[in-house]
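Enquirer: Structure incoming, see below.
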Amino acid sequence: MTRTLFREPELPQETLAELREFCRKARGNILHMTCLAGSGHPGGSMSSLETLALLWSQAAVDPNDPCRRGRDRIVVSHGHISPAVYSVLGGLGFFSLEDAIVGFRHAGSSFEGHVERHIPGIELTSGNLGQGLSAATGMALADRSLGHRNHVWVVTGDGENQKGQISEARRFASKFGLGNLTCVIDCNGLQISGATSDIMPVDHEAEFKCSGWEVIRVDGHDLEALYRALNPAGQRSPRLVIAETVMGRGVSFMENDPDFHGRAPSPDELSAALLELGLPNRLEELKSARGSGSARRTMHCEPRYHVCALQGNPVTYPPDHRGDNRSAWGTALLDLARANKNDPPLVFDCDLAGSVKTSGFGTEFPAHHLQCGITEHHTASAAGGASLAEKVVFWADFGVFASDETFNQHRINDINNTNLKVVATHCGLDVGPDGKTHHCVKYVGLMRALQNYFTVVPADPNQTDRVVRFAAMHPGNFFIAMGRSRQPVITDEAGRPFFGDGYRFVFGKPDMLRDGTDVAIMAMGSMCHRAISVRASLEKAGISARVYAVSAPNALPETLVKELLGFSLLATYEDHDADTGLGAGLAIRLSERSGTPRLLRFGVREYGMSGEPDELYKMQGLLPDQVAESILAALR
């Protein structure tokens, strides 16, 4: 098909004719694959078809090199219209169209019910509505920071725009002047339960205009008018295209029927629809191919992950230093940026720069410090999207916002294998007087539920410095958790900084702070220095205790488990919920073996109150002398 790259002001007549025929056949493919699978969303797929066909056929996206740097990006936020996406991409040669039709929603096939990023041409696994626009803004901003002169289009549903996160995203796009971003709303007026105007009316035009967007309203099935609206030539601000469409377009009995939003046509309905479209019925042939197992094919479009080229100069804080881990993070971030000044990280902030210690970076690298305001849901998705655009991306926020509030956004980032570095400060009862609404004590369990997140809880400022540099230089999602209060520098038995010069952080490797033979104490984060105090109390009672600093509570190695089998008693010690944190993780590992030592889990057992950290620890039996006494009682 002729590709204009949107350099022509009007759609050439030859291309127009090609696209009309392409869409007619694609409608047949949508009907075949949903009928064959017995499920899917044909109605919205048929209403959004012209938009998708125009974008992927005319934008700067190469089927032979779909991951090319500087490409245009097309994000489909309402991923349930996957039949249309697969029909368009397969028809344009991104992959085998036949594989998509036969394999749609079939176990073992790549062509799942919602669009998947591992398939060539697809930028984002989506379908959990409301997050696509946020991710697209992150991509547009990251691409612009890299100097790419590309464009990002994101296609959304009209019902989807009832989501609050979209309002956060549109304000962000306007604030940062993303003239390289166009949002399309497939406005077919229907959703699962009926008319959108009845379910939850939204004035799309007014809401986007009041956020500073240019708005164009167009017939979403008029290819010529739609081409002009989607053409980014001369665009200076983010643009909304309201594409007024008809659900089930092209088949009379499907049009404007909300039943076909999420219902596949029956074989009889398929026959009638194909007759109306003037297309052959291939259902029996496709059933045979699906039953033969030919649909069990996989493909993978390898993402490109970006990391910092240089780690900068690690800082070693002396034994008498009294600072907090969050300040060490801020110092390491600024040093990393200076070392990589030609490609500094993007840093997202939610109105907390002074508290999360990104203000120094913001002063020196203002173009890379993205102040998002109080929009945590959007920021989590936007930062994840930016990390897919070949930038190192950090997002710093309080723990309750960075984990509890935005878990679903992390879940979608996890599914998309993003490359986001989350720095969660103010974790644990250590937050103190802010009280239970701000005591972040569930983050280890939340991150344990995600397959592609590396959770790290550094023990002191020195280890924090090394962890931040490690995350910047290694691909993958990192969740780095730290408290609010100042922490003493942990030293070895000779009084030297344990995590100082010569220390190398290795993810998943526990660090033995002190050796011992009777009891093993696995401590996490701010409890590491307290665990050393516990050990001193036990020594006075004639008990020898080994102390480990466990920085990766969700990646306990088999070597540690084996070492622990020789002790008479084990204890975990954490400023975290006892039933979902380090202790729970170790209990799971030990439960897989027989004859293991008894395990005591010292952690948060109930919601905390307002007060100084040590007061709150005392209320929950977490002060060192209380822990030591409990261990001695267990030994007795």
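Enquirer: Any idea which residue in the range 353-390 is most open to solvent (accessible area, probe 1.4 Å), counting only those that are among the aliphatic types (A, V, I, L, M) and part of a helix (DSSP H, G or I)?
Expert: My answer is 367.
Enquirer: Next up: Considering each residue of the range 335-352, count those that are in contact (Cβ under 8 Å) with a residue 24 or more places away in the chain and either closer than 24 Å to residue 169 by Cα or open to solvent by less than 30 Å² (accessible area, probe 1.4 Å) (or both), and give that number.
Expert: Summing the residues that are in contact (Cβ under 8 Å) with a residue 24 or more places away in the chain and either closer than 24 Å to residue 169 by Cα or open to solvent by less than 30 Å² (accessible area, probe 1.4 Å) (or both) in the range 335-352 gives 11.
Enquirer: Also, I was wondering about something else. Which one of these is β-branched (Val, Ile, Thr), touching a Gly at 6+ places or on another chain (Cβ under 8 Å) and closer than 22 Å to residue 34 by Cα: 102, 88, 76?
Expert: After applying the criteria, what remains is 76.
Enquirer: If we scan the range 493-512, do we find a residue that is touching a strand residue (DSSP E or B) at 6+ places or on another chain (Cβ under 8 Å), more than 26 Å from residue 397 (Cα to Cα) and aliphatic (A, V, I, L, M)?
Expert: Among the residues of the range 493-512, at least one is touching a strand residue (DSSP E or B) at 6+ places or on another chain (Cβ under 8 Å), more than 26 Å from residue 397 (Cα to Cα) and aliphatic (A, V, I, L, M), which makes the answer yes.
Enquirer: Considering the range 583-604 alone, what residues qualify as being surrounded by 14 or more Cβ atoms within 10 Å (Cβ to Cβ) and either of a type in the set (Val, Ile, Thr) or outside any helix (DSSP H, G or I) (or both)?
Expert: 596, 597, 599, 600, 601, 602, 603, 604
Enquirer: Among the residues in the range 296-318, are any over 30 Å from residue 394 (Cβ atoms), under 31 Å from the mean Cα position of the chain (by Cα), in contact (Cβ under 8 Å) with a residue 12 or more places away in the chain and open to solvent by less than 20 Å² (accessible area, probe 1.4 Å)?
Expert: Checking the range 296-318: not a single residue is over 30 Å from residue 394 (Cβ atoms), under 31 Å from the mean Cα position of the chain (by Cα), in contact (Cβ under 8 Å) with a residue 12 or more places away in the chain and open to solvent by less than 20 Å² (accessible area, probe 1.4 Å).
Enquirer: Please work out if residue 457 is in contact (Cβ under 8 Å) with a residue 12 or more places away in the chain, touching a strand residue (DSSP E or B) at 6+ places or on another chain (Cβ under 7 Å) and closer than 21 Å to residue 374 by Cα.
Expert: no
Enquirer: Here's something else I'd like to know. Which one of 35, 67 is more than 30 Å from residue 193 (Cβ to Cβ) and in contact (Cβ under 8 Å) with a residue 40 or more places away in the chain?
Expert: Of 35, 67, the one residue that is more than 30 Å from residue 193 (Cβ to Cβ) and in contact (Cβ under 8 Å) with a residue 40 or more places away in the chain is 67.
Enquirer: Would it be correct to say that residue 323 is touching a Lys or Arg at 6+ places or on another chain (Cβ under 7 Å), open to solvent by less than 40 Å² (accessible area, probe 1.4 Å), touching a residue at least 12 places away in the same chain (Cβ under 8 Å) and assigned to a loop (DSSP other than H, G, I, E, B)?
Expert: In short, no.
Enquirer: Also: Name the residues in the range 209-241 that are out of contact with any helix residue (DSSP H, G or I) (no Cβ under 8 Å at 6 or more places or on another chain) and among the aliphatic types (A, V, I, L, M), would you?
Expert: If the condition is that a residue be out of contact with any helix residue (DSSP H, G or I) (no Cβ under 8 Å at 6 or more places or on another chain) and among the aliphatic types (A, V, I, L, M), then 225, 229, 233 are the ones that fit.
Enquirer: Would you confirm, using the coordinates I've provided, whether residue 463 is more than 23 Å from the chain's Cα centre (by Cα), farther than 18 Å from residue 604 by Cα and part of a helix (DSSP H, G or I)?
Expert: Answer is yes for this residue.
The values are calculated or read from the model by the stated rules, or taken from the named source; none is laboratory data. Because the structure is predicted, anything quoted here is derived from the model rather than measured. Virtual Cβ from ideal backbone geometry, glycine too; neighbours counted across all protein chains shown. These area figures cover heavy atoms from the full protein model, side chains too; ligands, DNA and RNA do not enter into them. Shrake-Rupley method; radii C 1.70, N 1.55, O 1.52, S 1.80 Å.
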